[in-house]
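The values are calculated or read from the model by the stated rules, or taken from the named source; none is laboratory data. Please read all numbers here as calculations on a predicted model, not as lab measurements. As a convention, Cβ positions derive from the backbone with ideal geometry for all residues, glycine included, and neighbour counts pool all protein chains shown. Heavy atoms of the whole protein, side chains included, go into the accessibility calculation; ligands, DNA and RNA do not. Shrake-Rupley method; radii C 1.70, N 1.55, O 1.52, S 1.80 Å.
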Amino acid sequence: MEALPLAVLLLIFAGAAAVIWVAGIQLSKQTDVLDDRLHLGSALGGLILLAIATNLPEIAITVSAAASNNIGVAVGNILGGIAIQTVVLVILDVFGTRGTDSLSYKAASLTLVIEAVTVIAVLGVVIAGSQMPGSLVALHLTPAAVLIAVIWILGLVLVQRSQKGLPWHQQGDAPGGQDQPKGHSKKKSADKSRHISTGKSALIFTVAALATLGAGVVLERSGDAIAGHIGLSGVLFGATFLALATSLPEISTGLASVKQGDYKLAFSDIFGGNAFLPVLFLVAVLITGKPVLPQAQATDIYLTALAILLTLTYLLGLLFRPKKKRLGMGTDSLVVLVLYLLGVAGLFAVATMS
């Protein structure tokens, strides 16, 4: 694609992003239907399948980048995706919540705190793994990539157990938060699709998944070519524009959740996706046979630290529950927005110095 004019590449990139937006919405809807009918979310295997289904764009980009040995784009997209998907919560706080209460005030629960801790734990392993020797690989596996996957699965187990009850007042749910249980909006979405048979829903899901995978590959290839045309490194492009494009479905589904009062689900979808994304390092290692994290650049470690900082801010927001909004958002969302904007400016500074 490098031989194509920049204008054509931008059109291809925008078209692929549009496909991911539309297909991502269908994926979300049909996932809700299949989850309701097949009870996928009630088992650990179901939770893993749902996590994979909702992160198909990132999976496609990682596989495509790893297959073409373009590790920088894959790493930048994964770590930049975590940071920018956390900022999606700011958008949901501003445009989704009704009244004066902030998103974290309405959503607060200890289950979400567990999910946030899981995100921070896997990101901590990312930083540790980046310092491991590049020769430490066996059977297309590295210790850090395997440990990330183990921590993610352990986090799913703990979240699953917490949903059955916690030895805390109101089972870890904060007073004054959302009235209905987490996931009620998925049930409503499934009820609206009662006229669609399970087979038809599975067919739509499959078509949307294939479209997402194909668009993800096109997005990665065209994005890499655009980065070359404008003189931007693949890491920076993957961490910003590419990560934003793959976050479009989360914005759409998140807004739908909060507008139906399912604030906990909106938070859970973001934290759950962020905890899963580093697992894709294991996929990259399996494809390339090379340790990915030891190849991490200064910008990658910087993005990891930024993602930890943003997640910690929302974790504190869930604990302290700022009620009133400032500038149309909760205090924690305002802090996250400022930190992210400063972080992106710092990212470009780090990139120019490294």
For the chain, the charge dipole (Cβ of Lys, Arg +1; Cβ of Asp, Glu -1; about the Cα centre) points to a positive end, and the Cα of A128, V157, G15 closest to that extreme belongs to V157
Given a 1.4 Å probe, the accessible area of the range 217-354 per residue, as a whole number of Å², is 37 Å²
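When Lys and Arg each count +1 and Asp and Glu each count -1, what net charge do the other residues less than 13 Å away from A16, Cβ to Cβ, add up to? Intermediate results must be reported in sequence, preceding the final value.
Values: positive: R221; negative: E220, D224.
With Lys, Arg at +1 and Asp, Glu at -1, the net is -1.
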How would M1, M353, M329 line up by accessible area, probe 1.4 Å, largest first? M353, M1, M329
Over the chain, what relative contact order in percent results from Cα pairs under 8 Å that are six or more residues apart? 39 percent
Return a whole-number percent for the relative contact order of the range 1-143, with Cα pairs under 8 Å and 6 or more residues apart as the contact set. 9 percent
For T253 the rounded accessible area (nearest 10 Å², probe 1.4 Å, non-protein molecules ignored) is 30 Å²
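How would you rank 79-87, 154-162, 63-71, 50-58, highest first, on the average number of other Cβ atoms within 10 Å across their residues?
Details: 79-87: 27.2, 154-162: 16.4, 63-71: 19.2, 50-58: 21.6.
Packing order, densest peptide first, comes out as 79-87, 50-58, 63-71, 154-162.
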Only four residue types carry charge here, +1 at the Cβ of Lys and Arg and -1 at the Cβ of Asp and Glu. Report the dipole size of the chain about the Cα centre in Debye, rounded to the nearest 20. 900 debye
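So, with a 1.4 angstrom probe, what is the percent of accessible area on the chain that is carbon and sulfur?
Values: 10400 of 14850 Å².
After summing per-atom areas, the C and S share lands at 70 percent.
By its C-alpha gyration tensor, with a ≥ b ≥ c as the square roots of the eigenvalues, how is the range 276-354 shaped: rounded for a/c under 1.5, else prolate for a/b larger than b/c, else oblate?
On the way: a/c = 3.95, a/b = 1.79, b/c = 2.21.
The shape class here is oblate.
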Cα-based Debye curve of the chain sampled at q = 0.11, 0.12, 0.13 Å⁻¹ gives log₁₀ I(q)/I(0) of -0.71, -0.85, -1.01
Quick one: angle between helix 198-230 and the longest Cα principal axis of the chain, in degrees between 0 and 90, rounded to 10, please. 40 degrees
What is the helix-to-structure angle for 71-95, meaning the angle in degrees between its Cα long axis and the longest Cα principal axis of the chain, kept from 0 to 90 and rounded to the nearest 10? 30 degrees
Arrange the residues K325, K264, K259 by how much accessible surface each exposes, largest first, with a 1.4 angstrom probe. K259, K325, K264
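Given R₀ = 45 Å, what would the calculated FRET efficiency be for I52 paired with M353, taking r from the Cβ atoms and rounding to 0.05? Don't skip to the end; give the middle numbers.
Details: r = 37 Å, r/R0 = 0.82.
Result of the calculation: an efficiency of 0.75.
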Could you work out the relative contact order of the range 201-354, using alpha carbon pairs under 8 angstrom and six or more residues apart, expressed as a whole percent? 16 percent
Roughly how many Å² of I91 are accessible to a 1.4 Å probe, to the nearest 10? 60 Å²
If you take the charge dipole of the range 251-354 about its Cα centre, with +1 on Lys and Arg Cβ and -1 on Asp and Glu Cβ, which of A345, A284, M329 is farthest toward its positive end? M329
Assign unit charges at the C-beta atoms only (+1 for Lys and Arg, -1 for Asp and Glu), then state the dipole size of the range 257-354 relative to its Cα centre in Debye, rounded to the nearest 20. 440 debye
So which of K259/K324; K29/K264; K164/K324; K29/K259; K29/K290; K264/K323 end up more than 26 Å apart, counting from Cα to Cα? K164/K324; K29/K290
Positive-end residue, the chain charge dipole about Cα centroid, Cβ charges, pick of S104, V137, V87: S104
